[in-house]
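The values are calculated or read from the model by the stated rules, or taken from the named source; none is laboratory data. Everything quoted here is computed from the prediction, not taken from an experiment. Reconstructed Cβ throughout: ideal geometry from the backbone, glycine too, with neighbour counts over all protein chains shown.
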Amino acid sequence: MRLGGARRWLVLALLVAAAVSAGSGVMNRYYLGVASEVGINVILAVSLNLINGYTGQFSLGHGGFMAVGAYVAAKMTLVFGEQVGAAFQPLLFAGALVAGGGAAALAGLAVGVPSLRLRGDYLAVVTLCFGEIIRVVFQNSAFFGAATGLSGIAPWTTFGWSWGVAALTVYVVLALVHSTYGRGFLAVNDDEIAASAMGLNPLKYKVTAFLVGAFFAGVAGGLFAHMKRAINPEGFNFMRSIDVVVMVILGGMGNTAGVVAAAVLLTVLPELLRGFSDCRMIAYSLLIIVLMLLRPQGLFRRSGKGGGL
Amino acid sequence: MSEKLLQLDAVTIRFGGLTAVSEVDLSIGHGELVGLIGPNGAGKTTMFNLITGVYQPTSGQVLFGGRGLLGLRPHHRTRMGMARTFQNIRLFGSMSVLDNVRAAMQLHRRDGWRQALWRGNQARESERGVESKARELLAIFGLEERCQENALGLPYGEQRRLEIVRALATSPRLLLLDEPAAGMNPTEKVELARLIRLVQERFKISVLLVEHDMKVVMSVCERIAVLDYGRKIAEGSPVEIRRNPNVIAAYLGQEVADA
């Protein structure tokens, strides 16, 4: 349960990511691309797991948060990219990612505060609608390229950036949840009435989960934009949110290690099965149905006991 | 008036046309052990929810430590020093026994998400303090060996005990127990009575015991208030209550009282 020397692990993961990134010139670009995508999906799934898994809120808004982050970060580097020297590019990129994350967190706050009094299905519907609203707003805003989106974005997302941020996300979620403070997220999930009777403010925990989750979804969006080099509103539709939800369910709600494994699996598998890509959504649906019947606690969870790594 | 820890003045609550609790006065002093009894549907749990803030009274007021509680939500009241257990056990099912207690100790801590993320020396020190205090509390109630077990894996009696430990972990001045004897066998009830006395003596806090079971209340409480149809029909020592004709009538029916 304790997170012994967790910070040391974080530093180690960051170093490995940086080292691999430095040597990436000699590696196959396709594999590097898939690896970067794995990192981005890990960020999305682990951050959604804080909301849906640990805190027990059913959010379908991750695609929307990701879109906010992607557009804000991309716009920023497109506007300022020319003006800064090459040496400052990583700094600009980092700034753009944080700005994208911040904007997404604000969006999370905007959708979270009024709607978190809702429970279960109702919250899912509201967050789903929110994601669609975001998409339509971008689709109709000339500033963000309307339906064609933004293109010519600098290809700054390397393996190191994506895995580095993924490691950071995993650390943040685990460190939060495994503190005495963070037991509140699980308490709210287990029993909201008991949690408030123990002096914990359920609303505050829910909003915090939304804020943190949305922030990292936004950062993932920024990384995504600088990997694909072109983004359009269709890339952040409802299916994007569903993809992430599937990763969380498959990995097991509130089980970070499982969710990471599921994110890796669900990024690599479609690449391996490109020939059958038309059947992907059918396979997803079947997968979820079978999983709910056979292993409702998720693929990678040892027992019904929550709060594990 | 100010020396009373909890004071209810003419508290009334109506749900539509139904008056569930009507003009009830009740006070609990520091360190006092008070029982609230009454037949099924008398309004005991409603009273409980009025005190803890689940419901707001239609009229009348609830004072805690001299302060009005109007509009304060349950978690505010817990921070003021009011802790409760639940009639139908509500432990945190995904957590270990130890973490159930730890979660209840967050409310008075200054450490929040910043300390959780940075984990500096001070934060780790504070986390260790929380853990050892939680273990200490569990040890007093004989649950220290169960620390790492899942809370819902405990036998029924121990789950009840853990609920009391968890409530005590919030450092309350007033402990509210909602039908703690519900579903217990006679041996467990005797053990429960011992436990409640231990809590009161050891932690020097006030206890309000809402209970259906007469035996437990009679053996533990110094003062008892009786509710029937939402009204307080009697208040006094266990001996007085046992002889009170109104109480006998309420529990056994009118004819027996007349006889």
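Scan A:78, A:10, A:92 and give me the residue that is farther than 22 Å from residue A:245 by Cβ and touching a strand residue (DSSP E or B) at 6+ places or on another chain (Cβ under 9 Å). It would help to see each step written out before you state the result.
Numbers: A:10 fails: touching a strand residue (DSSP E or B) at 6+ places or on another chain (Cβ under 9 Å); A:92 fails: touching a strand residue (DSSP E or B) at 6+ places or on another chain (Cβ under 9 Å).
The match here is A:78.
Residues considered: B:84, B:90, B:79. Of these, the only one that is modelled with pLDDT of 90 or more, touching a His at 6+ places or on another chain (Cβ under 9 Å) and among the charged types (D, E, K, R) is B:79. When each of B:87, B:159, B:106 is tested for being free of Cβ contacts under 8 Å to residues at least 60 places away in the same chain and either within 19 Å of the chain's Cα centre (by Cα) or under 25 Å from residue A:176 (Cβ atoms) (or both), the lone residue that passes is B:106. Within segment A:205-251, which residues are farther than 22 Å from residue A:150 by Cβ and among the basic types (Lys, Arg)? A:206 - this is the single residue of segment A:205-251 that is farther than 22 Å from residue A:150 by Cβ and among the basic types (Lys, Arg).
Per-residue answers, yes or no, for (1) closer than 30 Å to residue B:84 by Cβ; (2) surrounded by 23 or more Cβ atoms within 10 Å (Cβ to Cβ); (3) among the acidic types (Asp, Glu):
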| site | (1), (2), (3) |
| --- | --- |
| A:150 | no, no, no |
| A:161 | no, yes, no |
| A:164 | no, no, no |
| A:172 | no, no, no |
| A:185 | yes, yes, no |
| A:193 | yes, no, no |
| A:198 | yes, yes, no |
| A:201 | yes, no, no |
| A:204 | yes, no, no |
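Here residue B:89 passes the criteria (1) facing chain A (nearest Cβ under 10 Å); (2) not in a loop (DSSP other than H, G, I, E, B) except the one numbered (2).
Return the residue satisfying two criteria in turn: it lies in segment A:201-248 and is of a type in the set (A, V, I, L, M) and within 14 Å of another protein chain (Cβ to nearest Cβ), and of such residues it is farthest from the chain's Cα centre (by Cα). Only one residue tops the list, namely A:203.
Filter segment B:55-72 down to the residues that are surrounded by 15 or more Cβ atoms within 10 Å (Cβ to Cβ) and either of a type in the set (Ser, Thr, Tyr) or under 17 Å from residue B:104 (Cβ atoms) (or both), then identify the one that is farthest from the chain's Cα centre (by Cα).
Filtering segment B:55-72 down to residues surrounded by 15 or more Cβ atoms within 10 Å (Cβ to Cβ) leaves B:55, B:57-58, B:60, B:62-65, B:69, B:72.
Now restrict to residues that are either of a type in the set (Ser, Thr, Tyr) or under 17 Å from residue B:104 (Cβ atoms) (or both): B:55, B:58.
On the way: B:55: 16, B:58: 22 Å.
Looking at residues that are surrounded by 15 or more Cβ atoms within 10 Å (Cβ to Cβ) and either of a type in the set (Ser, Thr, Tyr) or under 17 Å from residue B:104 (Cβ atoms) (or both), I get B:58.
Looking only at segment B:126-149, which residues are farther than 18 Å from residue B:171 by Cα and either away from chain A (no Cβ under 12 Å) or small (Gly, Ala, Ser) (or both)? Once the filter is applied, which keeps residues that are farther than 18 Å from residue B:171 by Cα and either away from chain A (no Cβ under 12 Å) or small (Gly, Ala, Ser) (or both), segment B:126-149 yields B:142, B:143, B:144, B:145, B:146.
Do you know which of the residues in segment A:255-287 that are in contact with a Gly (Cβ under 6 Å, 6 or more places away or on another chain) and either among the basic types (Lys, Arg) or closer than 16 Å to residue A:62 by Cβ (or both) is surrounded by the fewest Cβ atoms within 10 Å (Cβ to Cβ)? Looking at the filtered set, the residue picked out is A:262. Once segment A:95-148 is narrowed to residues that are in contact (Cβ under 8 Å) with a residue 40 or more places away in the chain and charged (D, E, K, R), the residue that is nearest to residue A:203 (Cα to Cα) is A:117. Scanning segment A:246-295 for residues that are in contact (Cβ under 8 Å) with a residue 24 or more places away in the chain and assigned to a loop (DSSP other than H, G, I, E, B) yields A:252, A:253, A:254, A:255. Taking the criterion of being more than 7 Å from chain A (Cβ to nearest Cβ) and under 30 Å from residue B:179 (Cβ atoms), the only residue of segment B:103-115 that qualifies is B:108.
Residue-wise test of (1) modelled with pLDDT under 90; (2) away from every other protein chain (no Cβ under 14 Å); (3) not in a helix (DSSP H, G or I).
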| site | (1), (2), (3) |
| --- | --- |
| A:113 | yes, yes, no |
| A:138 | no, yes, no |
| A:157 | yes, yes, yes |
| A:185 | no, no, no |
| A:189 | no, no, no |
| A:196 | no, no, no |
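For segment A:225-245, a residue qualifies if it is within 20 Å of residue A:289 (Cα to Cα) and either without any contact (Cβ under 8 Å) to a residue 12 or more places away in the chain or in contact with a helix residue (DSSP H, G or I) (Cβ under 6 Å, 6 or more places away or on another chain) (or both), and the qualifying residues are A:240, A:241, A:244. All of (1) at pLDDT 90 or above; (2) over 14 Å from the mean Cα position of the chain (by Cα) hold for residue B:41 with one exception: (1). Scanning segment B:218-250 for residues that are of a type in the set (D, E, K, R) and closer than 25 Å to residue B:15 by Cα yields B:228, B:231, B:232. Residues that are assigned to a helix (DSSP H, G or I) and within 12 Å of chain A (Cβ to nearest Cβ) were ranked within segment B:150-161; the one that is surrounded by the most Cβ atoms within 10 Å (Cβ to Cβ) is B:151. Filter segment B:168-194 for residues that are within 14 Å of another protein chain (Cβ to nearest Cβ) and charged (D, E, K, R) and give the result. Scanning segment B:168-194 gives B:173, B:178.
So which residues in segment B:116-125 are more than 7 Å from every other protein chain (Cβ to nearest Cβ) and either part of a loop (DSSP other than H, G, I, E, B) or crowded, with 16+ Cβ neighbours inside 10 Å (or both)? B:120, B:123 - these are the residues of segment B:116-125 that are more than 7 Å from every other protein chain (Cβ to nearest Cβ) and either part of a loop (DSSP other than H, G, I, E, B) or crowded, with 16+ Cβ neighbours inside 10 Å (or both). Among the residues of segment B:78-99, are any surrounded by fewer than 20 Cβ atoms within 10 Å (Cβ to Cβ) and of a type in the set (Asp, Glu)? No, segment B:78-99 contains no residue that is surrounded by fewer than 20 Cβ atoms within 10 Å (Cβ to Cβ) and of a type in the set (Asp, Glu).
Residues are listed down the side, and each one gets a yes or a no for (1) of a type in the set (Asp, Glu); (2) farther than 30 Å from residue A:7 by Cα; (3) within 14 Å of chain A (Cβ to nearest Cβ):
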{"residue": "B:8", "(1), (2), (3)": "no, yes, no"}
{"residue": "B:23", "(1), (2), (3)": "yes, yes, no"}
{"residue": "B:60", "(1), (2), (3)": "no, yes, no"}
{"residue": "B:101", "(1), (2), (3)": "no, no, yes"}
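Of the listed requirements (1) in contact with a Lys or Arg (Cβ under 6 Å, 6 or more places away or on another chain); (2) more than 24 Å from residue A:184 (Cβ to Cβ), residue B:101 misses just one: (2).
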